[in-house]
Amino acid sequence: MDFFSVIKERRSCRNFLPEPIEEADIEKILEAASWAPSPLNSQPWEFIVVTNQEVKEKIYAEGERCRKWALEKSGWKWLGSYPLDFLRSTPAIILVVGDPKKTGVDMFMEEGSVGYQAACSAAIQNMHLAATSLGLNSLWFTLFDKKAMREILGIDPGKTPLALVCLGKAGSPPTPTLRKDVKEKTTYIR
Ligand SMILES: Cc1cc2nc3c(=O)[nH]c(=O)nc-3n(C[C@H](O)[C@H](O)[C@H](O)COP(=O)(O)O)c2cc1C
């Protein structure tokens with residue numbers, strides 16, 4: 001698949017087949033993540049690869065707890081019918097953990113210290129695109145409490161669990177999504 005097809009083919013998947021994925025594919029996806037740019041090349045990411053069913057059940061329970069809490073807080077009806085069972089069936093979940101200390105010169109700026117998150121997001125997107133190019137499906141998942149995720153996976157309190165990348169083969173085709181015309185989002189200053 002050429003580069004632009006990979007970008008357009010990637011879709012968020014919320015229905016994974018339970019069959020395991022190759023370790024070699026996971027390694028390629030992590031390698032792709034590690035080539036993302038970062039402030040001062042600080043590489044502020046760490047990856048925790050979860051294939052253990054018991055741990056996936058804990059992540060699912062945490063997602064469910066947050067879904068119910070968010071439903072109550074927001075009143076958004078769609079949260080009432082947003083099943084998170086895919087967290088149990090996805091064969092591999094990679095938690096991306098960021099290090100706020102590795103954030104570059106923006107730490108001295110008034111609205112700073114987002115560099116580490118931006119770098120981790122670049123790494124996460126590389127993971128999704130690598131998965132697509134390997135014929136896998138994926139989801140960027142953030143419906144969890146950071147403290148709870150630190151406890152589930154034994155993460156240092158100074159580090160920030162930023163996202164789960166769910167990986168596997170789709171059980172049914174992911175829902176197509178649309179994009180606004182990029183021209184509506186672009187200003188040229190010539
Ligand atoms: C920062 C971020 C957080 C997201 N968190 C979630 C999430 O918690 N649960 C979920 O189902 N999708 C999540 N998504 C996926 C988006 O819903 C999805 O990318 C968007 O609806 C567009 O669909 P597409 O990825 O299929 O094009 C997240 C995406 C991003 C970039």
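Here, each number is a calculation from the coordinates, and none is a lab measurement. None of these values were measured; they are calculated from a predicted model. Please note: Cβ atoms are built from the backbone with ideal geometry, for glycine as well, and neighbour counts cover all protein chains shown.
Under a Gaussian network description of the chain, with springs only between Cα atoms under 10 Å, the residue in Glu27, Glu64, Glu111 that fluctuates furthest is Glu111.
For the chain, rounded, prolate or oblate, judged on the Cα gyration tensor with a ≥ b ≥ c (square roots of eigenvalues), a/c < 1.5 rounded, else prolate if a/b > b/c?
Rounded is the answer for the chain, as its axis ratio a/c remains below 1.5.
The label-point distance for Glu151 and Arg88, in a model that sets each label 7 Å from Cα toward Cβ, rounds to 2.1 nm.
The alpha-carbon of Lys102 sits under 26 angstrom from the alpha-carbons of these lysines, leaving out residues fewer than 8 places away in its chain: Lys28, Lys146, Lys147, Lys159. Put a dot 7 Å past the Cα of Glu46, heading toward its Cβ, do the same for Glu19, and the two dots end up 3.4 nm apart.
From the alpha carbon gyration tensor of the stretch 63-148, can you work out the equivalent ellipsoid semi-axes (sqrt of 5 times each eigenvalue) and give them in Å, largest to smallest? Intermediate values should be presented prior to the final figure.
Details: eigenvalues 148, 90, 23 Å².
Over the Cα atoms of the stretch 63-148, the semi-axes work out to 27, 21, 11 Å.
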